[in-house]
Amino acid sequence: MAEPAPEPTSAAAPGPAAPGAAPPPAAPPPGEPEVALGNAVWIGVKDAFSPITRFLDVFGGHLMLAGRAFAWLPRRPVRTANYLEAADYIGVGSLPIVLLVGAFTGMVMSLQSVYAFRTFNLESYAGGVTAKALALELSPVLTALMLAGRAGAGIATELGTMRITEQIDALESMAVNPVQFLVLPRVVAGMIVGPMLSLLSFIVGMAGAYFVAVVIQGIDHGQYVANVKSILTISDVAQGVIKSVVFGMLVILIGCYQGYNASGGGRGVGLGTTRAVVTASASILILDYFLSDLLLTIMGGPAT
């Protein structure tokens with residue numbers, strides 16, 4: 001007698017969960033892989049230190065651009081017209097705003113010094129204090145800040161526009177090195193005209209300071225001039241000139257870097273220009289402290 005065929009079995013449907021039982025673990029959303037704990041920690045650490053890595057990347061980029069530019073300095077061809085054009089744009093174009101700022105800086109510095117020293121009946125020392133402050137700090141720093149706002153921003157915009165319109169690529173296709181053609185003349189011109197503008201700012205500032213102190217406030221001319229000669233030294237002026245050379249190179253180099261590496265159309269050019277001004281201004285003020293400390297150590301500060 002044949003055995004009856006077994007009935008087909010089917011998977012039992014899950015019944016309702018027992019009261020008080022824990023719910024089953026939720027499955028990860030579809031399309032999102034599970035992240036291991038170690039990988040999550042690494043991502044968190046990398047995000048935390050990303051500002052430092054970005055700073056080092058940008059700092060290294062500036063150093064590499066400066067090295068590539070100065071490597072072309074002794075090599076031909078020497079395009080003199082590019083250097084003269086860059087010096088005219090950076091120096092002559094920035095001259096009015098530099099002189100205006102220098103004159104009123106000297107005037108307000110002299111006014112504040114006269115009122116401060118008048119408490120001790122030492123108004124005649126206002127000239128020497130103003131001269132020393134202008135030579136060491138105010139003229140180099142404010143001149144560099146004016147260059148950052150005018151020349152640095154303009155260079156970043158110009159090179160950024162050339163980058164997004166592929167003019168820099170066209171130079172490379174014609175066997176013209178864009179760093180030698182565009183960056184080097186501007187950086188060298190900044191190093192040359194920067195100290196010139198700083199000295200002119202110092203001269204105009206001292207003229208404004210003399211006018212306020214002697215003509216308006218009635219300080220004796222002979223005492224004012226004698227105190228300027230006794231307090232201001234050649235070393236003070238030389239330190240200001242050295243700072244201006246470094247600041248001029250720094251401002252133009254930052255503008256060239258931001259423009260040369262611009263991307264993203266017109267918005268990218270605008271962001272590069274903004275970064276050029278902000279980065280140059282902050283770098284000037286930060287570097288000024290370290291340069292001052294170094295130059296005072298080398299060239300001699302007040303006796304202790």
Of the numbered conditions (1) touching a helix residue (DSSP H, G or I) at 6+ places or on another chain (Cβ under 7 Å); (2) surrounded by fewer than 20 Cβ atoms within 10 Å (Cβ to Cβ); (3) among the aliphatic types (A, V, I, L, M), A226 fails exactly one; give the number of that condition.
-> (1)
Checking T119 against (1) at pLDDT below 90; (2) open to solvent by less than 20 Å² (accessible area, probe 1.4 Å), which single condition isn't satisfied?
-> (2)
List every residue pair whose Cβ atoms sit under 6 Å apart, with the two residues 6 or more apart in sequence or on different chains, where the first one lies in the stretch 38-66 and is under 13 Å from N261 (Cβ atoms) and the second, anywhere, is open to solvent by less than 60 Å² (accessible area, probe 1.4 Å) and in a helix (DSSP H, G or I).
-> H62/Y257; L65/Y257
Of (1) over 17 Å from the mean Cα position of the chain (by Cα); (2) buried (at least 22 other Cβ atoms within 10 Å of the Cβ); (3) closer than 30 Å to G264 by Cβ, T165 satisfies every one except (2)
Evaluation of Q258 against (1) among the polar types (S, T, N, Q); (2) modelled with pLDDT under 95; (3) buried (at least 16 other Cβ atoms within 10 Å of the Cβ); (4) within 30 Å of S113 (Cβ to Cβ) (one fails), failing number = (4)
Read through the list (1) modelled with pLDDT under 75; (2) of a type in the set (G, A, S); (3) closer than 30 Å to S139 by Cα, then give the number of the only condition that G91 fails.
-> (1)
How do the pairs read when you match residues in the stretch 93-116 that are within 17 Å of V193 (Cα to Cα) with residues anywhere that are aromatic (F, W, Y) and modelled with pLDDT of 95 or more, using Cβ under 9 Å and keeping only pairs 6 or more apart or on different chains?
-> G102/F202
Determine if the stretch 139-149 includes at least one residue that is more than 30 Å from V212 (Cα to Cα) and open to solvent by 30 Å² or more (accessible area, probe 1.4 Å).
-> no
For the stretch 142-189, name all the residues that are closer than 20 Å to A282 by Cβ and among the hydrophobic types (A, V, I, L, M, F, W, C).
-> L142, A144, L145, M146, L147, A148, A151, A153, I155, A156, V187
Just need a number here: residues in the stretch 157-175 that are in contact (Cβ under 8 Å) with a residue 40 or more places away in the chain and not in a helix (DSSP H, G or I).
-> 0
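The values are calculated or read from the model by the stated rules, or taken from the named source; none is laboratory data. Keep in mind that this is a model prediction, so the values were computed, not measured. With ideal geometry, Cβ positions are generated from the backbone for all residues, glycine too; neighbour counts draw on all protein chains shown. Quick note on the areas: whole protein, heavy atoms, side chains included, nothing else; ligands and nucleic acids left out. Shrake-Rupley method; radii C 1.70, N 1.55, O 1.52, S 1.80 Å.
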